[in-house]
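Below is one structure, written out as C-alpha cells, with a few remarks after it.
The values are calculated or read from the model by the stated rules, or taken from the named source; none is laboratory data. If you're wondering where the values come from, they're calculated on a predicted model, not measured in any experiment. Using ideal geometry, Cβ is built from the backbone for each residue, glycine included, and neighbour counts are taken over all protein chains shown. Calculation scope for accessible area: heavy atoms of the full protein, side chains included, ligands and nucleic acids excluded. Shrake-Rupley method; radii C 1.70, N 1.55, O 1.52, S 1.80 Å.
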Amino acid sequence: MLKMIVMRLLGVALVLLAVSALVFAFGALIPGDMTSVIVGQEGATQEQFEAVRQRLGLDKPLPVQYVNWLANALQGDFGTSPITGRSVASDLVRQFPVSLELALLTLLVSTAIGLPAGIVAAVHANRRLDVLIRVTLLFTFSVPIFVIGILLLLVGSRWAPDLFHVSFTPWSEDPVMHVRSMAMPLLTIAFPITAMTMQMTRASMLEVLHAPYVVTARAGGVREKRIEYLHALRNALPPIVTFIGFQLGILLGGLIVVEQIFSLPGLGRGMLEAINTRDYPMVTATTLVFATAFVIINALVDLLYPLLDPRQRGR
Amino acid sequence: MSTAPSAPLPKTRLRRPYLLDQLLRHKGGAFGLAIMALFILLALFGRMVAPYDPNANDYLNLLSAPSAQHWFGTDELGRDTLSRVIDGSRIAVAVAFLSVSIAMAIGVLIGVISGYFGGMVDSVLNRSQDVLFAFPTLLLAIILVAVLGPGLFNASLAIAIVYSPRFARIARASALSIKTSEYLDAARLAGVNTPTILVRHILPNVMPPVIVLAALSMSTAQLAYASLSFLGLGVSPPQADWGSMLSKGRDFITIAPWLVIWPTVALVMLMLAFNVLGDAIRDVLDPSHSSSKSTDTLT
Amino acid sequence: MASEGKTPLLQVENLKKQFHVRSRGARDIRLLRAVDGVSLHLEAGETLGIVGESGCGKSTLARLTVGLLQPSEGRVLIDGGDIWEPGAAGRERRRKFQMVFQNPSGSMNPRRTVGASVAEPLQAKGVRNTAEAVERMLTLVGLDPALATRKPHQLSGGQQQRASIARALIADPAIVVHDESIASLDISLQAQILNLLLDLQEDLGTSYLFISHDLAAVQAISHRVIVMYLGEVVEASAAEEFSGRPLHPYSVALRNATLLPDPAHERARGDTALRGDVPSPMNPPSGCRFHTRCPLATDLCAQQKPLLRDAGRGHLVACHYAEAGAGEVATQEGAL
Ligand SMILES: Nc1ncnc2c1ncn2[C@@H]1O[C@H](COP(=O)(O)OP(=O)(O)OP(=O)(O)O)[C@@H](O)[C@H]1O
Ligand code: SF4
Ligand SMILES: [Mg+2]
C-alpha cells in the first residue's frame with residue numbers, strides 16, 4: 001500500500017515535470033520575443049537590446065533557461081512582468097484566493113445540492129418529473145458555461161438588477177458586497193457542475209439499486225427507504241468521487257470563462273489579460289498553476305478512491 | 001457530453017450509401033440531417049440570403065430593436081444581427097468540420113502507429129498524451145491559441161490537438177486487436193509490405209468507431225470554439241462570429257437583449273443538430289449501444 | 001533424421017520459443033516455454049502431420065516455421081538457407097510459405113471481397129491482372145467463382161475455408177502450413193477438404209505441414225507424423241509405421257482416444273486413457289514431461305529425461321519404456 005502510494009507520487013512528480021517543460025516550451029514558442037516587449041520595438045539600439053537579453057538570461061540555450069526558470073519557480077519566483085512591472089508572484093498571490101474561493105464554493109454547492117437531488121432522482125427514476133429534470137440538466141451541461149452566464153445575465157438583469165451592478169469587492173473591505181459580487185459567478189459555474197453531480201449520482205445509485213444485495217435486503221424486509229438511501233449511497237460513492245476528476249477540468253475551464261464574464265480579478269482573467277498583452281512570465285506562471293492544481297487534485301482523487309471502495313481496500 | 005465516458009467499441013461495418021439510407025430512416029437522424037443541411041447551406045450561401053452586408057455599419061440604426069427592417073435588430077454599430085448570425089454560421093460549421101477532421105487525422109495516425117508498432121513508440125506516444133491530459137481542455141486550447149496565434153485555422157488546430165488523444169485512444173485499441181487478427185497474419189505471409197498493410201487492412205477496420213467518435217465530437221468542437229471566440233481568441237473582428245458577438249452583446253444586455261439572444265439560439269440549434277446527428281450515426285453504426293441506452297435514458 | 005545426401009526443402013533445427021507472461025495476481029514475469037527444442041524436416045511434395053493436445057505448442061511451432069514469429073533459439077532453413085537471414089534473401093525465403101488458419105471466419109479482412117483476399121498473395125508478387133487466376137483457383141477448390149465479389153461474412157464456414165485454401169495456394173507456395181484448418185468444419189466437409197488437399201498436392205506438388213489434434217485426420221493425409229507433448233517432440237515416424245506401431249505411451253493414449261466407439265477398445269483403453277490435465281508449460285514436470293499422466297511411469301521417468309532415439313526403421317521415440325508400451329499395444333491388437 002505504502003509502496004503504491006510512493007510510486008503514484010513519483011508518477012505525479014514526473015508528470016508535473018513534463019508539464020512544466022511543456023508550459024515553458026509554450027512560453028518560448030509564443031510569437032515575439034520578450035526583449036522587444038520590454039525595450040519597445042523602435043528606438044532601441046542593438047546594445048540596449050543585447051543588454052536586456054543578457055539581464056533576462058535569454059541569450060542562454062533553451063534547456064539552461066528552462067532549468068533556471070524551473071528552479072526559480074519552485075522557490076516561488078516567477079520573474080517580473082515586463083508589462084505591469086510588478087512581480088508575477090505578487091499578482092498570483094492576489095489572484096489565487098479569488099479563484100480558489102469560487103472553486104471551493106462551487107464544489108460545496110454542487111455537492112450539497114447535486115448529491116441529494118441525484119438520490120431523489122434515482123429513487124423516482126423514470127417518472128415524469130425525473131425525465132423532465134434530466135432533459136433540462138442534460139441541456140445545461142451540454143452548452144458552454146458562457147452561454148449559461150449570458151442566460152443568467154439576461155434573466156437576472158430583468159429580475160434582480162442589483163446583483164449585476166456590483167464589481168468585485170474583497171471580503172476584507174465589505175463582506176456583504178463581497179457576497180453579492182460572488183453570487184452571480186457562483187450561480188453560473190455551479191449550475192452545470194451541480195447538474196453533472198446529480199446526473200452522475202443518479203446513474204451510480206441506479207446501478208447500485210439494481211445490484212443483487214439490495215434486492216436481497218429488500219426481500220428480507222429491511223425498510224424500503226433506508227435501503228435506498230443509506231445502503232446504496234455507500235456503494236455508489238466511489239464512482240461519484242472519481243467523477244470529480246472529470247468535473248475538475250470543466251470547473252477550471254469554467255473559472256476562466258466566469259472570471260472573464262463577471263470581471264473577477266482571479267487567475268483565469270489574469271491569464272487571458274496576460275495573453276492579450278503578451279506578458280510571457282505571467283502566462284507561463286498562471287498556466288503552470290492551473291495545470292499543477294489539476295494534476296495534484298486528480299492524483300488525490302486517485303489515491304482516495306481505494307479508501308472509499310470496500311472492494312479495493314484489500315489491495 | 002453526457003455521462004458515459006467509455007462507450008463500447010462499435011463493430012459494425014460501414015458502407016456509405018447504406019449509412020445515409022439508415023440515417024434518413026432513423027427519426028433523429030433525419031431531423032439532425034435536415035438542420036445540419038440548413039446550416040451548411042447557410043454557411044455556403046448565407047451571404048446571398050442575408051438581407052444586409054454583415055459588416056456594413058448603419059449609424060442611423062444603432063442598437064435598434066427587432067423590426068420589419070431588421071428582424072433580429074442591430075448592434076452598437078448598426079450592423080444587422082440576422083445577417084451577422086447567418087455569416088457566423090460559416091465560421092461555426094467550418095470550425096467544427098475542420099477541427100474534427102484534423103483531430104481525426106492526428107489521432108488516427110498516432111493511434112494506429114502506436115497500436116500497430118507497440119513497444120517504445122507506443123510508450124512515448126502514450127506518455128506524451130498523458131501530459132496533454134494534465135491540462136484542463138479549455139486551458140490547453142487557450143494556451144495553444146496563444147502559441148499559434150488567433151484565426152480560424154489556428155483555433156481549429158488548437159481544438160484538434162486538444163481532442164486528438166481521444167481519437168488516438170480509440171484508434172489504438174482497434175489497431176491492437178486487428179494487429180493480432182489472422183487476416184493480418186495472412187497478409188504478412190502473402191508478403192504485403194507494412195505501408196500497404198496499414199492502409200489496406202488496419203485503417204478501414206479502425207474507421208467505424210472513429211467515425212462515431214467524430215460525429216459525437218462535432219458539437220463539442222463547435223462549442224469549444226465558441227468559448228475561445230467568446231474569450232477573444234477566435235477569428236479577428238469585424239468577421240461575425242457567434243462567440244464574439246455574445247461577448248460584445250453582454251455589454252448591452254439590459255438595453256439590447258437581442259444581441260445575445262439570437263447568437264445563443266443559433267449556437268444551441270447547431271449544437272442540438274450535431275448531437276442528434278451524432279447519436280443517430282452511433283445508433284446506425286453501433287446498434288448494440290442504442291439498445292442498452294434506451295433502458296437508461298428517456299423512456 | 002534428415003535423409004542423407006541432399007538438403008531437404010524445409011529444415012527446422014532445435015527451435016525454441018519462450019513467452020514472457022505475467023500470470024494474474026503474480027508480480028513476477030515467468031517464462032512459458034511454448035516450443036522447446038523441436039527439430040523436423042519436410043521434403044518437396046511431402047505432407048508432415050503434427051499432432052498433440054490443445055496448448056502443446058502446435059500453433060506456435062507453425063507461426064515460428066512460417067516466420068510470423070521469431071524463434072528464441074534455433075533456426076528454420078529453406079533449401080539450407082536461414083529464413084531470418086537479414087535482407088532480401090531471408091525475406092525471399094519467408095515468402096515460400098503460406099498458411100491456412102485455425103479460424104476460417106477470422107482469416108479474411110471483413111471489409112474486402114473474398115476475391116480481393118484471395119488475390120492478395122499474387123498482387124504482393126507484383127502480378128497486375130489477378131482476376132483470371134482467382135477464378136481458376138476458386139474453381140479448383142470447388143467454389144463458384146461468382147463468390148469472389150462477396151464479403152467473407154456472406155460465405156459459410158466451409159466456403160470460407162476453401163477460399164482460405166485458394167488464397168494459400170494461388171501464388172504457388174513451396175510449403176503450406178495447415179493449422180487445424182479443418183477442425184472447425186463438420187465431418188463430411190472435413191473429408192471433402194482432406195480429399196481436395198490430396199488432389200491439389202498431386203497436381204501442384206506442394207508440401208504440407210498438417211497440424212491437428214485429430215490423429216485420424218493426420219494419419220489420413222500425412223506421409224510422416226510427429227507427436228508433440230508440452231512443446232517437445234515425443235515421437236516421429238512414417239505414417240504407415242506409426243499407425244501400425246505407435247511407440248510412445250502418449251501416442252497410444254491419443255490413438256485409443258480416437259478409437260473410442262469400439263467396445264473392445266473401450267475395455268483395452270482402461271489403463272492407457274489420458275488421465276488428468278496437461279501440466280502448465282510454465283513449470284513442466286521433471287524428467288519425462290509425460291510422467292505425471294503416463295500409465296507406465298516409474299521413478300526413473302521422474303528423474304531422467306528420455307532422449308529422442310531410433311527404435312528401428314527410422315521410428316524415433318522419447319521414452320524409456322517405448323518397447324514395453326508397444327508390446328502392450330500389440331497384445332491389445334492380438335486380442336481383437
Ligand atoms: N503470444 C503468446 N504469449 C504468451 N503465451 C502464448 C502466446 N502464444 C501461445 N502461448 C502459450 O503457448 C502455449 C502453446 O500455445 P499454442 O497456441 O502453440 O498451442 P496449440 O497447440 O496450438 O493449442 P490449440 O490446439 O489450442 O490451438 C500455450 O500455453 C499458450 O498459452
Ligand atoms: S519415459 Fe516414462 S513417463 Fe515418459 S512416456 Fe516413457 S514411460 Fe511414460
Ligand atoms: Mg493452435
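Figures for the structure shown
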quantity	calculated
Filtered residue count, segment B:98-133, keeping only those that are under 23 Å from A:I250 (Cβ atoms), within 14 Å of chain A (Cβ to nearest Cβ) and in contact with a Ser or Thr (Cβ under 9 Å, 6 or more places away or on another chain)	2
Residue within segment C:59-70 that is touching a residue at least 40 places away in the same chain (Cβ under 8 Å), in a strand (DSSP E or B) and either within 16 Å of ligand 3 (Cβ to nearest atom) or among the charged types (D, E, K, R) (or both) present	no
Qualifying residue in segment C:77-87 (condition: more than 14 Å from chain B (Cβ to nearest Cβ), under 30 Å from C:D214 (Cα atoms) and within 16 Å of ligand 1 (Cβ to nearest atom))	no
B:M207 vs. criteria more than 29 Å from A:G254 (Cα to Cα), part of a helix (DSSP H, G or I) and within 18 Å of the chain's Cα centre (by Cα)	yes
Extreme residue, farthest from the other protein chains (Cβ to nearest Cβ), among residues of segment A:242-260 that are of a type in the set (V, I, T) and open to solvent by 20 Å² or more (accessible area, probe 1.4 Å)	A:I244
Pairs, first within 19 Å of A:R127 (Cβ to Cβ) and within 11 Å of another protein chain (Cβ to nearest Cβ) in segment A:197-211, second hydrophobic (A, V, I, L, M, F, W, C) and assigned to a loop (DSSP other than H, G, I, E, B), C-beta under 8 Å, six or more apart	A:Q199/A:F141; A:R202/A:A125; A:L206/A:A125
Residue within segment B:227-237 that is aliphatic (A, V, I, L, M), farther than 22 Å from B:A56 by Cα, outside any helix (DSSP H, G or I) and within 10 Å of another protein chain (Cβ to nearest Cβ) present	yes
Hits in segment A:275-306 (condition: closer than 21 Å to B:G234 by Cα and without any contact (Cβ under 8 Å) to a residue 24 or more places away in the chain)	A:I275, A:N276
Test for A:L129: is it crowded, with 17+ Cβ neighbours inside 10 Å, within 14 Å of another protein chain (Cβ to nearest Cβ) and among the hydrophobic types (A, V, I, L, M, F, W, C)	no
Filtered residue count, segment B:243-274, keeping only those that are basic (K, R) and more than 10 Å from chain A (Cβ to nearest Cβ)	1
Close pairs from segment C:170-182: first under 16 Å from C:R63 (Cα atoms) and away from ligand 2 (no atom under 16 Å from the Cβ), partner charged (D, E, K, R) and not in a loop (DSSP other than H, G, I, E, B), Cβ under 9 Å, at least 6 apart	C:V177/C:R63; C:D179/C:K58; C:D179/C:R63; C:E180/C:K58
Some residue of segment C:35-43 being under 24 Å from C:G205 (Cα atoms), within 14 Å of chain B (Cβ to nearest Cβ) and either within 16 Å of ligand 3 (Cβ to nearest atom) or open to solvent by less than 10 Å² (accessible area, probe 1.4 Å) (or both)	no
Odd one out for C:G231 among (1) within 16 Å of ligand 1 (Cβ to nearest atom); (2) over 22 Å from C:V35 (Cα atoms); (3) not hydroxyl-bearing (S, T, Y)	(2)
Positions within segment A:114-126 being at the interface with another protein chain (Cβ under 10 Å from one of its Cβ atoms) and out of contact with any helix residue (DSSP H, G or I) (no Cβ under 7 Å at 6 or more places or on another chain), in sequence order	A:N126
So C:M99, is it within 16 Å of ligand 3 (Cβ to nearest atom) and buried (at least 24 other Cβ atoms within 10 Å of the Cβ)	yes
Enumeration of residues in segment A:2-16 that are open to solvent by 80 Å² or more (accessible area, probe 1.4 Å) and in contact (Cβ under 8 Å) with a residue 12 or more places away in the chain	A:R8, A:L9
Residue match in segment A:147-166 (condition: more than 10 Å from every other protein chain (Cβ to nearest Cβ) and touching a His at 6+ places or on another chain (Cβ under 8 Å))	no
